[in-house]
């Protein structure tokens, strides 16, 4: 009995010591006038480093969105989980999440390509940092496509809940599900945007999507075809999607997987779009607004295995 108790005490002490050894650094990476402050965490040198690329919205380094009341903290949970497994991690406040960038953004606007340039600046910073054995780019949701365009200097790529088609097709499907007539109008708006670069007269029912300030962003985003881009990727690829994801379907993951036969696809049981393990359907949306729901353990196990392979 004494031996068993001693073993338990020793195990708890070892876990506590391991957690205490995680180091954290606050790093700001600049892309010209844009500031991208982030957090680097690791326990020892020569670990693989995951760099996180955000999904849509003003997402901060922890996975929360000011103003939208999104407080899932899923990136922070992801960070803590992979750090425990000997993997370093860096995430940064998206350019639209940092108030210091607002003056520049209000003047210059935002294009999809800006997010790609931000990701490349982050990669360039860590490519010069010799403390890490390899760099893995993990793109979540919209970030899957952003990361796909920034893989020149990385060793592995992970797509998490990434779309398998261009954004115009996705939005047209979503609008059509609400109204067939509005779906046709949305298709016509995207066609006009692609041909002329702007939409002269936006249907008031679709203004939240096609507002004038959004049109340049969508015009650059819709030109990026994830399946065509993924065909050209030669580094190891892991494609993940949750079967409880309300925003991105399993068919999207399948489309990405089919685009590159060398990729590995895993469908994570009970995982939703913000990477939480969902046991009850009513918990799905609730998990967007609370940090109390646990991150998917299967997600972490799958990623750790891929990174360390």
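Filtering the stretch 59-109 to residues that are over 26 Å from residue 297 (Cβ atoms), assigned to a loop (DSSP other than H, G, I, E, B) and modelled with pLDDT of 95 or more leaves 93, 94, 98. Here is a list of conditions, (1) at pLDDT below 95; (2) over 25 Å from residue 25 (Cα atoms), and residue 142 meets all of them except one; can you say which number that is? Result: residue 142 fails condition (1) only.
Listed conditions (1) within 27 Å of residue 60 (Cβ to Cβ); (2) modelled with pLDDT of 95 or more; (3) not assigned by TED's automatic domain parsing to the domain that holds residue 248 are all met by residue 198, apart from (1).
Does residue 104 meet the test of being more than 15 Å from the chain's Cα centre (by Cα) and farther than 17 Å from residue 49 by Cα? Considered against the rule, which asks whether it is more than 15 Å from the chain's Cα centre (by Cα) and farther than 17 Å from residue 49 by Cα, residue 104 comes out as yes. Here the stretch 216-232 is the region considered, the condition is being touching a helix residue (DSSP H, G or I) at 6+ places or on another chain (Cβ under 7 Å) and part of a loop (DSSP other than H, G, I, E, B), and the residue that is surrounded by the fewest Cβ atoms within 10 Å (Cβ to Cβ) is 231. Tell me yes or no: at least one residue of the stretch 122-140 is in contact with a helix residue (DSSP H, G or I) (Cβ under 9 Å, 6 or more places away or on another chain), part of a helix (DSSP H, G or I) and either over 14 Å from residue 256 (Cβ atoms) or outside the structural domain of residue 250 (by TED's automatic domain parsing) (or both). Scanning the stretch 122-140 turns up no residue that is in contact with a helix residue (DSSP H, G or I) (Cβ under 9 Å, 6 or more places away or on another chain), part of a helix (DSSP H, G or I) and either over 14 Å from residue 256 (Cβ atoms) or outside the structural domain of residue 250 (by TED's automatic domain parsing) (or both).
Considering the stretch 39-48, and only residues there that are surrounded by 20 or more Cβ atoms within 10 Å (Cβ to Cβ) and out of contact with any helix residue (DSSP H, G or I) (no Cβ under 6 Å at 6 or more places or on another chain), the residue that is nearest to residue 110 (Cα to Cα) turns out to be 40.
Collect the residues in the stretch 284-296 that are surrounded by fewer than 16 Cβ atoms within 10 Å (Cβ to Cβ) and without any contact (Cβ under 8 Å) to a residue 60 or more places away in the chain, keeping them in residue-number order. The answer is 285, 286, 292.
Among the residues of the stretch 275-293, those that are part of a loop (DSSP other than H, G, I, E, B) and touching a strand residue (DSSP E or B) at 6+ places or on another chain (Cβ under 8 Å) comprise 275, 278, 290, 291, 293.
Yes/no matrix, rows are residues, columns are (1) in the same structural domain as residue 160 (by TED's automatic domain parsing); (2) part of a helix (DSSP H, G or I); (3) surrounded by 18 or more Cβ atoms within 10 Å (Cβ to Cβ):
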residue	(1), (2), (3)
247	yes, no, no
253	yes, yes, yes
258	yes, yes, no
261	yes, no, no
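Only a single criterion out of (1) exposed (fewer than 13 other Cβ atoms within 10 Å of the Cβ); (2) not in a helix (DSSP H, G or I) is not satisfied by residue 213, namely (2).
The values are calculated or read from the model by the stated rules, or taken from the named source; none is laboratory data. Just so it is clear, the model here is predicted, and its values are computed rather than measured. Here the Cβ is made from the backbone with ideal geometry for all residues, glycine too, and neighbour counts use every protein chain on show.
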